[in-house]
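Below is one structure, written out as structure tokens; the observations come after it.
The values are calculated or read from the model by the stated rules, or taken from the named source; none is laboratory data. Please read all numbers here as calculations on a predicted model, not as lab measurements. Note: ideal-geometry Cβ built from the backbone for every residue, glycine included; neighbour counts use all protein chains shown. The protein model used for the area step is the full one, side chains on, heavy atoms only, and it has no ligands, DNA or RNA in it. Shrake-Rupley method; radii C 1.70, N 1.55, O 1.52, S 1.80 Å.
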Amino acid sequence: MNYRIEQKNPFTVVGVKERFSHIEGLGENIGRMWSETPSETFEQITALGDTESYGLLGVYSGMYDDNTTDYYIATITKKNCPETFCKLEIPSLTWAVFEITGPMPTAMAEVWGLIFSEWFPTSGYEHAEAPEVEWYSEGDMSATDYKSEIWIPVIKK
């Protein structure tokens with residue numbers, strides 16, 4: 001597992017948001033959200049991106065008492081949030097950034113599993129209470145050399 005520990009300044013993500021059950025069908029529901037989002041919406045989100053890391057993000061934010069979480073398809077931007085989109089401000093944090101090479105969604109799902117089963121128990125870090133981010137590069141998501149990342153907010157134990 002290739003990863004780095006990185007301090008990131010505060011940033012704002014803007015895009016579309018839905019709330020999903022964290023217990024029942026989270027992955028399926030998020031996959032449906034991606035597949036049912038119109039291409040023009042993706043184009044509008046991408047056009048807002050003006051800050052590194054460029055590209056689309058999947059952002060998990062909030063764990064609510066009713067076992068739900070908010071999920072954003074978004075980009076990092078300094079531009080104003082259009083009325084049709086939602087915005088989420090993320091504070092300055094330390095992140096464990098996991099680099100992924102391989103086709104979606106399999107490659108990312110495998111790394112998610114390893115982060116919690118292998119990395120956290122031996123890393124000397126614990127999860128900070130903040131959003132988790134999936135970064136998607138441009139390109140063919142089914143390619144064996146497709147690049148993506150998972151950003152986990154962490155604090156030293």
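Remark on TRP95: its backbone amide H falls under 5 Å from those of GLU6, GLN7, LYS8, VAL154, a criterion applied only to residues 5 or more positions apart or on other chains, H modelled at 1.01 Å from N. Charge dipole of the chain (Cα centre as origin; +1 on each Lys and Arg Cβ, -1 on each Asp and Glu Cβ, all else neutral): 460 debye, rounded to the nearest 20.
Spin-label model, GLU40/ILE23: points 7 Å from Cα along the beta carbon direction are separated by 3.9 nm.
Selection among ALA74, GLY124, LEU114 by position relative to the dipole of the chain gives GLY124 as farthest towards the positive end (Cβ unit charges, Cα centre). When only the Cβ of Lys, Arg, Asp and Glu is charged (+1, +1, -1, -1), the dipole of the stretch 1-66 relative to its Cα centre reaches about 220 debye.
For the residue pair THR84 and MET1, what label-to-label distance in nm results when each label sits 7 Å from Cα along the Cα-to-beta-carbon direction? The answer from the label model is 3.9 nm.
Taking every protein chain into account, the accessible area of the stretch 28-116 amounts to 52 square angstrom per residue (probe 1.4 Å). Ligands, DNA and RNA left out, the 1.4 Å accessible surface of the chain is 49% carbon and sulfur atoms. On C-alpha positions alone, give me the angle between the axis of helix 26-36 and the longest principal axis of the chain, in degrees, nearest 10. Rounded to the nearest ten degrees, it is 30.
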